[in-house]
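K.L.:
One structure, as structure tokens, below. Some questions next.
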Amino acid sequence: MKSATDHRGTRQSRILGSRACIPLMALVFLVAALFPCAQASAANYPWDQVNSDGFGIGTPADNNSVLDLAVCEGRLYACTENGATGGQVWRYDGGSEWTQVNVSGFGVAVPANNFAAHTLAAFEGRLYCSTWNTTDGLQVWRYDGGTDWTQVNLNGFGIAVPNHNQRSDAMIVFEGSLYAATANGWDGCQVWQYDGGTDWTQVNVSGFGIAANWDIWSLVEFEEQLYAGTRNNDGCQVWRFEGGTDWTQVNDDGFGVATPGDNYAVHDMAVSDGELFATARNNEGARVWRYDGGTDWTRVNDNGFGISAPEHNYDIWGMIDFEGSLYTGTANGDDGCQVWRYGGGTDWTQVNDDGFGIDPPEDNWAVHCFAGYEGKLYAGTLNDEDGGQVWATKVPGSMTWYLAEGSTGANEYGSFETWILVQNPGDEAAAV
């Protein structure tokens, strides 16, 4: 198992607790008075790999991708692509230990037909997983415990040619129902609502009435409404659910850039600090957009996050709000995947080493998914050489501190002065 590069700086702690420090304390208060906050900047977060490559199977590279992560009933699960034996689902047991909780490919007659356990969702206390199956059509399975699962849809949702619905890139629970969105290059993408048993109801017109909308890569709830983001080579689109089979487009094609087809896929969406964000795949460098209402969006990053070769970060496959901050994970086959934290405006900070510091970093060429679990941020990678990896970090404490100023002064009861202990338990030097 490969480990991240160790970024250990000098541990510094400074205690301000004696009257000999009063002049320095006055300086601290002066800084606090002049600047509303003192910001401590940190380098990359400390990440640890928490699985064996490819989950330690006989040929780890067969599990070449960690396609999704989800928490259900207090446990973390991961699902993989495996074209040799069929997609797998794993449950995290702590440390670097995981247990496979399905029969590869879910035990279908030809397991490799379900070559990816593709998307996970927790619904009514049960874990659901959709498969990628180009032969029979996508399947949705419900976890029953042990390694037992029950299929809860007809192949491809029972359309006339089931394998036109080859996979579901997004599932979500919205207003008490489970929804799954499909990739369908023949009829146009579809959204299905689960009715129980093996029954589902389609709740959109295929492709939203546009055949070029052939995939829905993301679903998100925002302000009690459901949004879907499409792949469309003429320009990606975002649609809002109005009920029945009615949807309203809420962006201009490709977010209104001069050549809309340059922004050709909304690979993920997330809500952070009360605002909706969407990613756009672009061969000149991935973009992030913030929704302003109506059909208006504002771009909030530089191409590819402003790296020296922005086209290397051509896509963002994972995005999550974790502990009040927005994080994205890139696809970058040249330098290795990157994780970026949003700082407002168009400011972003990279918080991992390229490829999580493995050698060579480009083997971890994409972050495909995130999850928050037990106070840590988890990321799943695509790695065709060694097998998919899962990395975790404990996000450092707040980057912004607000310091009180002044003293109560002296009176007949004595006096009260403000004293501050500044201590840095982390491995990186902090500047105040």
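The values are calculated or read from the model by the stated rules, or taken from the named source; none is laboratory data. These numbers come from a predicted model, not from an experiment. Positions of Cβ are backbone-derived with ideal geometry, glycine not excepted, and every protein chain shown enters the neighbour counts.
K.L.:
Evaluate the range 346-356: report whether one residue or more is in a strand (DSSP E or B), surrounded by 24 or more Cβ atoms within 10 Å (Cβ to Cβ) and out of contact with any Ser or Thr (no Cβ under 8 Å at 6 or more places or on another chain).
P.N.:
So far as the range 346-356 goes, no, none of its residues is in a strand (DSSP E or B), surrounded by 24 or more Cβ atoms within 10 Å (Cβ to Cβ) and out of contact with any Ser or Thr (no Cβ under 8 Å at 6 or more places or on another chain).
K.L.:
Among Ser96, Ser104, which is more than 28 Å from Asn233 (Cβ to Cβ), at pLDDT 95 or above and either surrounded by fewer than 20 Cβ atoms within 10 Å (Cβ to Cβ) or of a type in the set (Asp, Glu) (or both)?
P.N.:
Answer to the check: Ser96.
K.L.:
Follow-up question, since we're still on this one. Go through (1) of a type outside the set (S, T, N, Q); (2) within 22 Å of the chain's Cα centre (by Cα); (3) over 19 Å from Val203 (Cβ atoms) and name the single condition Ala258 misses.
P.N.:
Result: Ala258 fails condition (2) only.
K.L.:
Regarding Glu81, is this residue in contact with a strand residue (DSSP E or B) (Cβ under 9 Å, 6 or more places away or on another chain), over 14 Å from Tyr378 (Cα atoms), among the charged types (D, E, K, R) and surrounded by fewer than 20 Cβ atoms within 10 Å (Cβ to Cβ)?
P.N.:
no
K.L.:
Can you tell me which residue is farthest from Arg281 (Cα to Cα) among those in the range 239-263 that are part of a helix (DSSP H, G or I) and of a type in the set (Gly, Ala, Ser)?
P.N.:
The selected residue is Gly256.
K.L.:
Of all residues in the range 261-304, which are under 21 Å from the mean Cα position of the chain (by Cα) and free of Cβ contacts under 8 Å to residues at least 24 places away in the same chain?
P.N.:
Gly274, Glu275, Arg290, Thr298, Asn303
K.L.:
Starting from residues that are among the small types (Gly, Ala, Ser) and surrounded by 20 or more Cβ atoms within 10 Å (Cβ to Cβ), keep the ones in the range 44-75 and report whichever is farthest from Trp348 (Cα to Cα).
P.N.:
This residue is Gly54.
K.L.:
Of the numbered conditions (1) of a type outside the set (A, V, I, L, M); (2) closer than 17 Å to Ala270 by Cβ; (3) buried (at least 20 other Cβ atoms within 10 Å of the Cβ), Gly343 satisfies every one except a single condition; which is it?
P.N.:
(3)
K.L.:
Let me ask something additional. In the range 248-283, how many residues are under 17 Å from Arg231 (Cβ atoms) and exposed (fewer than 15 other Cβ atoms within 10 Å of the Cβ)?
P.N.:
Qualifying residue count, the range 248-283: 2.
K.L.:
Further question: Report, by residue number, each residue of the range 53-71 that is within 8 Å of Gln389 (Cα to Cα) and either assigned to a helix (DSSP H, G or I) or touching a helix residue (DSSP H, G or I) at 6+ places or on another chain (Cβ under 7 Å) (or both).
P.N.:
Result: Asp53, Gly54, Phe55.
K.L.:
Still on this structure, I have one more. Taking the range 193-220 only, how many residues are among the aromatic types (Phe, Trp, Tyr), on the phi < 0 side of the Ramachandran plot and in contact with a Cys (Cβ under 8 Å, 6 or more places away or on another chain)?
P.N.:
Summing the residues that are among the aromatic types (Phe, Trp, Tyr), on the phi < 0 side of the Ramachandran plot and in contact with a Cys (Cβ under 8 Å, 6 or more places away or on another chain) in the range 193-220 gives 1.
K.L.:
Looking at the range 176-222, which of the residues that are charged (D, E, K, R) and either more than 22 Å from Gly261 (Cα to Cα) or touching a helix residue (DSSP H, G or I) at 6+ places or on another chain (Cβ under 6 Å) (or both) is surrounded by the fewest Cβ atoms within 10 Å (Cβ to Cβ)?
P.N.:
Only one residue tops the list, namely Asp195.
K.L.:
Go through the range 107-143 residue by residue and tally those that are of a type in the set (Ser, Thr, Tyr) and surrounded by fewer than 21 Cβ atoms within 10 Å (Cβ to Cβ).
P.N.:
The number of residues fulfilling the criteria is 2.
K.L.:
Return yes or no: is Asp292 surrounded by fewer than 22 Cβ atoms within 10 Å (Cβ to Cβ), part of a strand (DSSP E or B) and either modelled with pLDDT of 95 or more or not polar (S, T, N, Q) (or both)?
P.N.:
When the stated conditions are applied, Asp292 passes them.
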